[in-house]
Amino acid sequence: MSLTDSQKKTVSDWIDQGKTLAEVQRLLQQEFSLPMTYLDVRFLIDDLDIELEKAQPVELEEAQPEDSGESSEKVEEPEVVDEVVSHSVSMEVDAVTPPGALLSGRVTFSDGESLSWQLMSNGQLGLIPGDDPNYRPSPEDMQDFRSQMDDLLRKKGFSA
């Protein structure tokens, strides 16, 4: 999908006005009927050689876990490459990321419950149920987890 010179100029103007990548993504859909993923917008900005002035965190949405059947294949435990710890929530990042995901890992909440997580290329953040499929972390723990995720994404270079 390519943009006209006029559309490229408009995108450049939006960035100059301080619009975030998420806002540019929304405006491309509204103004030009161009549906793009967050990552596609990021690549577009890079392709147009537009400088982003301030950090713009990825917008995260909680994905509903997908029902997947049991696999007969043995899965190796992933090697942990990064660990982020706070007073109540600790987060680990896998060394090997599953196909379709930008990052994945495990999070342990303040009550000791652990869940796997995946950040998909479309910006959706999904928690994968553990032993108790009805477990829900507290709102405070989720806020702490999302804050750590934002920090991790900036550290990994996923934001401008």
Might you report the magnitude of the Cβ-based charge dipole of the stretch 1-46 about its Cα centre, with Lys and Arg at +1 and Asp and Glu at -1, to the nearest 20 debye? 60
Sorted by chain and then number, the residues having a modelled amide H within less than 5 Å of the amide H of Trp117, at least 5 places away or on another chain, are Gly105, Arg106, Val107, Ile128
J(HN,Hα) series, the stretch 96-109, from Karplus relation 6.51 cos²θ - 1.76 cosθ + 1.60, nearest Hz, glycine and proline x: 10, 9, x, x, x, 10, 7, 8, 8, x, 10, 10, 10, 8
Applying the Karplus parametrisation 6.51 cos²θ - 1.76 cosθ + 1.60 with θ = phi - 60° to the phi angles of the stretch 127-134, what ³J(HN,Hα) value in whole Hz is obtained for each residue in order, glycine and proline being reported as x? 9, 9, x, x, 5, 9, x, 9
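We did not get these values from a lab; they are worked out from the coordinates using the rules stated. Note that the coordinates shown come from a computational prediction; the quantities given were computed from them, not determined experimentally. Reconstructed Cβ throughout: ideal geometry from the backbone, glycine too, with neighbour counts over all protein chains shown.
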